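Asker: The structure that follows is given in the form of structure tokens.
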Amino acid sequence: MTSQLQEWLDGPYAKATGRFPERREAFHRSSGEPLDPIYVSDVNGDAGSLPGEYPYTRGIQPTMYRGRLWTMRQYAGQEDAEASNRRYRFLLDQGQTGLSVAFDLPTQIGYDSDAAMAEGEVGKVGVAIDSIDDMRTLFDQIPLDRVTTSMTINSTANILLSLYAAVAEEQSVGRDQIGGTVQNDILKEYIARGTYIYPPKPSMRLITDSFDYCTREVPRWNTISISGYHMREAGCTAAQEIGFTLANAIAYVEAALEQGLAFDSFGPRLSFFFACHSNFLEEIGKFRAARRLWASIARERFGSENQRAQMLRFHTQTGGVTLTAQQPDNNVIRTALQALAAVLGGTQSLHTNSLDEALGLPSEHAVEIALRTQQVIGYESGVADVIDPLGGSYYIEQTTDALEEEARNYIEQIDALGGAVSAIEQGYQQAEILEAASSFQREVETEAEEARAGSKSAGKRGRVIVGVNRFETDEDPDVEIVRVDPTVRERQIEKLERLRDRRDQTAVSAALDAIQQAAATEENLVPLMLEAVKQSATLGEISDSLRQVWGEYRERIVV
Amino acid sequence: MSEASTMTDQIRVLVAKPGLDGHDRGAKIVARALRDAGMEVIYTGIRQTPDMIAEAALQEDVHVVALSVLSGAHMELFPRVVAACVERGITPENTLFLGGGIIPDEDAAALQDAGFSAVFGPGAHTGDIAEYVREHVPELDRS
């Protein structure tokens with residue numbers, strides 16, 4: 001009788017390597033001794049869960065990084081489309097393998113650059129996109145059939161997806177050829193990130209419209225990136241990050257099921273996004289736990305029979321909130337450790353933060369170090385040469401189990417409150433996050449006070465942040481501050497004026513009317529948005545036409 | 001200013017988020033810390049215009065207006081909040097203006113010229129902020 005491991009080697013592993021050869025001819029130790037793809041507790045008997053097999057604890061693919069390294073995808077975007085296009089082409093030239101677009105806040109919240117609410121914010125945290133003219137410039141000389149693009153965009157995700165598809169069409173690239181992701185995760189916006197526009201119900205409908213449209217028309221597109229990142233940045237714990245994220249995922253799935261979509265048809269296009277913070281081993285356990293928990297939810301709760309719909313695929317970003325303004329060079333080390341944990345946790349793509357991000361926008365040099373950090377891990381460290389190298393460690397396995405259990409409890413609590421949307425309306429997640437953030441802050445300040453007072457308890461009860469509350473220096477960080485060109489808004493306004501002069505106003509009005517009418521029905525809005533952006537309707541105009549029908553969400557303030 | 005705002009009263013603080021930035025962890029942590037330090041704290045929530053903030057400061061008759069922005073829009077938004085406040089008689093002489101967020105040192109210096117008494121950045125200790133407020137509120141001209 002063949003062992004379980006041998007069956008896996010002859011089955012899924014052989015099949016995967018037969019289709020796509022591994023990225024090296026051989027993987028070996030420094031002595032030349034070859035490495036196995038995976039190590040298990042009992043080679044002849046029970047090998048436990050294996051990669052590419054339910055519940056995917058050890059990874060979603062049978063070869064993981066032996067087949068291909070994770071996608072190195074640095075989040076970038078600033079000022080206008082010209083400036084951001086230059087940065088993307090620089091990153092692609094440096095060996096980055098996918099794009100990740102940061103939009104400015106007006107674009108994320110459905111305001112054109114000339115709107116009063118946009119004052120001060122145009123081009124600040126990302127690129128300003130008002131119309132198809134900007135989008136065309138953003139991807140100038142970037143072949144959309146050869147790169148995949150992730151867009152951090154939520155309330156206006158369908159508009160940006162439409163703009164992307166329209167620009168691809170101008171490059172003669174069909175909708176079935178474009179690949180990428182829109183974040184499209186509105187629930188965490190209400191909980192932690194704040195770029196919502198409409199109330200939850202119509203916002204959920206925009207999301208199910210995109211599931212429906214992409215399943216039919218844009219098969220390579222990830223329709224959502226269900227994000228724990230921002231809740232973690234806002235202060236929640238590792239277990240809460242999994243629990244709140246998967247509870248949001250359940251809400252999206254249930255909304256789609258209500259629309260008559262089948263889990264196994266849209267499930268493979270769901271993707272996830274997590275933070276990686278500084279507790280190295282706990283974070284590794286977190287990623288493994290999230291994978292296992294989602295697989296069981298897919299099977300048990302949603303009756304999934306499609307393996308691809310059970311695999312939790314995720315992007316990771318290192319923890320922005322862990323960066324310090326003091327002694328910023330230390331952030332390179334923090335980021336490297338976090339990136340290593342994400343890789344050991346089996347991430348599909350990764351953004352590494354730049355050392356200067358607690359001080360301002362990242363400089364090109366800092367961005368380059370961040371990318372090189374990933375390349376050193378991928379090409380030099382050897383951790384990518386075997387699959388899930390820490391699997392089987394008593395501590396890692398028990399951390400994985402404990403986090404899965406804790407996260408499951410949070411999901412049960414949210415279910416008891418009537419699901420994620422209802423829990424948000426009651427302020428549950430917001431209050432939990434603030435509680436965790438406050439307790440973190442207390443630990444940091446306790447340490448600071450005890451260290452200042454020279455107390456014997458220093459280092460014993462509080463939380464040490466190197467360079468902030470211990471090992472401080474008086475030196476001023478010598479960091480170049482990147483400034484956003486203050487004329488960006490004026491230039492965007494001029495472009496908008498030219499656009500409005502040039503376009504066929506009757507066609508624009510007709511396209512906007514069609515959106516407004518459909519908003520009150522159940523008609524899928526994506527094809528109408530695609531038509532509107534092709535007619536040069538602006539992002540703000542499309543958003544306003546929906547605001548008039550649906551109104552705006554007001555935050556439930558939790559302090 | 002009204003009789004209620006003599007220095008023996010509880011210090012009242014408005015914590016506000018101007019602009020479109022949704023990063024509210026810092027604002028909420030500071031709001032909580034000042035409340036725990038015995039002050040009365042009103043938190044506006046996110047996406048406030050300068051006029052909304054100035055109006056709230058007027059209605060609540062606060063001693064302190066504390067603004068937080070992490071989107072880089074502080075140089076545009078902070079001075080506009082002060083201007084909207086001044087229109088309503090709330091000035092750096094009778095009210096303490098504080099800033100927080102990702103604010104480079106040279107901007108912090110420029111904001112001091114624009115009426116901000118202090119700017120607190122990443123790593124600031126909330127106890128230091130409370131102490132700063134307690135020390136400086138009595139110096140305000142609340143007559």
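Asker: Report yes if A:I424 is part of a helix (DSSP H, G or I), over 17 Å from B:V30 (Cβ atoms) and of a type in the set (A, V, I, L, M), otherwise no.
Answerer: So A:I424 passes the test.
Asker: While we're on this one: Of (1) under 20 Å from A:S304 (Cβ atoms); (2) surrounded by fewer than 22 Cβ atoms within 10 Å (Cβ to Cβ), A:L270 satisfies all except one. Which?
Answerer: (2)
Asker: Of everything in the range A:413-431, what is surrounded by fewer than 23 Cβ atoms within 10 Å (Cβ to Cβ) and over 17 Å from A:I250 (Cβ atoms)? Give them in sequence order.
Answerer: Once the filter is applied, which keeps residues that are surrounded by fewer than 23 Cβ atoms within 10 Å (Cβ to Cβ) and over 17 Å from A:I250 (Cβ atoms), the range A:413-431 yields A:G427, A:A431.
Residue by residue, here is whether (1) touching a residue at least 40 places away in the same chain (Cβ under 8 Å); (2) in a helix (DSSP H, G or I); (3) surrounded by fewer than 22 Cβ atoms within 10 Å (Cβ to Cβ) holds:
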{"position": "A:V253", "(1), (2), (3)": "yes, yes, no"}
{"position": "A:A256", "(1), (2), (3)": "yes, yes, no"}
{"position": "A:L281", "(1), (2), (3)": "yes, yes, yes"}
{"position": "A:A290", "(1), (2), (3)": "yes, yes, no"}
{"position": "A:M311", "(1), (2), (3)": "yes, no, no"}
{"position": "A:Q327", "(1), (2), (3)": "yes, no, yes"}
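Asker: Let me ask you something else. State yes or no: is A:A298 more than 14 Å from chain B (Cβ to nearest Cβ), surrounded by 21 or more Cβ atoms within 10 Å (Cβ to Cβ), more than 19 Å from the chain's Cα centre (by Cα) and at pLDDT 95 or above?
Answerer: Here the answer is yes, as A:A298 does meet what is asked.
Asker: Restricted to the range A:484-519, and to residues that are away from chain B (no Cβ under 14 Å) and among the hydroxyl-bearing types (S, T, Y), which residue is farthest from B:L70 (Cα to Cα)?
Answerer: A:T506
Asker: Considering every residue within the range A:416-434, establish whether at least one is within 14 Å of chain B (Cβ to nearest Cβ), at pLDDT 95 or above and under 23 Å from A:N330 (Cβ atoms). Walk me through it before giving the result.
Answerer: Taking the range A:416-434 as the starting set, the residues that turn out to be within 14 Å of chain B (Cβ to nearest Cβ) are A:427, A:429-434.
Still in the running and at pLDDT 95 or above: A:427, A:429-434.
Narrowing further to those that are under 23 Å from A:N330 (Cβ atoms): none.
The answer is no; no qualifying residue exists.
Asker: Which residue, of A:S543, A:S536, is of a type in the set (G, A, S) and touching a Gly at 6+ places or on another chain (Cβ under 6 Å)?
Answerer: None of the others qualify; the one that does is A:S543.
Asker: Can you work out which of the residues in the range A:362-380 that are among the hydrophobic types (A, V, I, L, M, F, W, C) and within 19 Å of the chain's Cα centre (by Cα) is farthest from the other protein chains (Cβ to nearest Cβ)?
Answerer: A:L371
Asker: Just a yes or no: is a residue in the range A:390-412 within 12 Å of chain B (Cβ to nearest Cβ), over 30 Å from A:G120 (Cβ atoms) and of a type in the set (D, E)?
Answerer: Scanning the range A:390-412, I find no residue that is within 12 Å of chain B (Cβ to nearest Cβ), over 30 Å from A:G120 (Cβ atoms) and of a type in the set (D, E), so the answer is no.
Asker: If you take just the helices (runs of 4 or more DSSP H) that sit entirely in the range B:1-107, which of them hold at least 2 residues that are of a type in the set (A, V, I, L, M, F, W, C) and facing chain A (nearest Cβ under 9 Å)?
Answerer: Qualifying helices (runs of 4 or more DSSP H): B:25-36, B:74-87.
Asker: Residues in the range A:208-230: is at least one surrounded by fewer than 20 Cβ atoms within 10 Å (Cβ to Cβ) and among the β-branched types (V, I, T)? Before you say what the answer is, go through the steps one by one.
Answerer: First pass over the range A:208-230, keeping only residues surrounded by fewer than 20 Cβ atoms within 10 Å (Cβ to Cβ): A:212, A:215-217, A:219-220.
Checking which are among the β-branched types (V, I, T) leaves us with A:215.
Scanning the range A:208-230, I find at least one residue that is surrounded by fewer than 20 Cβ atoms within 10 Å (Cβ to Cβ) and among the β-branched types (V, I, T), so the answer is yes.
Asker: While we're looking at this one, here's another question. Considering the range A:126-152 alone, what residues qualify as being assigned to a loop (DSSP other than H, G, I, E, B), among the β-branched types (V, I, T) and crowded, with 24+ Cβ neighbours inside 10 Å?
Answerer: A:I129
Asker: Moving on. Looking at this structure, is A:L323 crowded, with 24+ Cβ neighbours inside 10 Å, within 14 Å of chain B (Cβ to nearest Cβ) and under 16 Å from A:G467 (Cβ atoms)?
Answerer: Working: crowded, with 24+ Cβ neighbours inside 10 Å: no; within 14 Å of chain B (Cβ to nearest Cβ): yes; under 16 Å from A:G467 (Cβ atoms): yes.
It is false that A:L323 is crowded, with 24+ Cβ neighbours inside 10 Å, within 14 Å of chain B (Cβ to nearest Cβ) and under 16 Å from A:G467 (Cβ atoms).
Asker: Turning to a different aspect of this structure: Please enumerate the residues belonging to the range A:8-60 that are part of a loop (DSSP other than H, G, I, E, B) and among the small types (G, A, S).
Answerer: A:A26, A:S30, A:S31, A:G32, A:S41, A:G45, A:A47, A:G48, A:S49, A:G52, A:G59, listed by residue number.
Asker: Please pick out the residue among A:G243, A:G235 that is crowded, with 21+ Cβ neighbours inside 10 Å, at positive phi and either part of a loop (DSSP other than H, G, I, E, B) or modelled with pLDDT of 95 or more (or both).
Answerer: When all the criteria are applied, what remains is A:G235.
Asker: Do we find a residue being without any contact (Cβ under 8 Å) to a residue 24 or more places away in the chain and in contact with a helix residue (DSSP H, G or I) (Cβ under 7 Å, 6 or more places away or on another chain) anywhere in the range A:349-356? Show your work before the answer.
Answerer: At the first step, the residues of the range A:349-356 found to be without any contact (Cβ under 8 Å) to a residue 24 or more places away in the chain are A:354.
With in contact with a helix residue (DSSP H, G or I) (Cβ under 7 Å, 6 or more places away or on another chain) added as a condition, the list becomes A:354.
Scanning the range A:349-356 turns up at least one residue that is without any contact (Cβ under 8 Å) to a residue 24 or more places away in the chain and in contact with a helix residue (DSSP H, G or I) (Cβ under 7 Å, 6 or more places away or on another chain).
The values are calculated or read from the model by the stated rules, or taken from the named source; none is laboratory data. These numbers were taken from a predicted model, which means no experiment stands behind them. Counting neighbours? That spans all protein chains shown, and the Cβs are built from the backbone with ideal geometry, glycine included.
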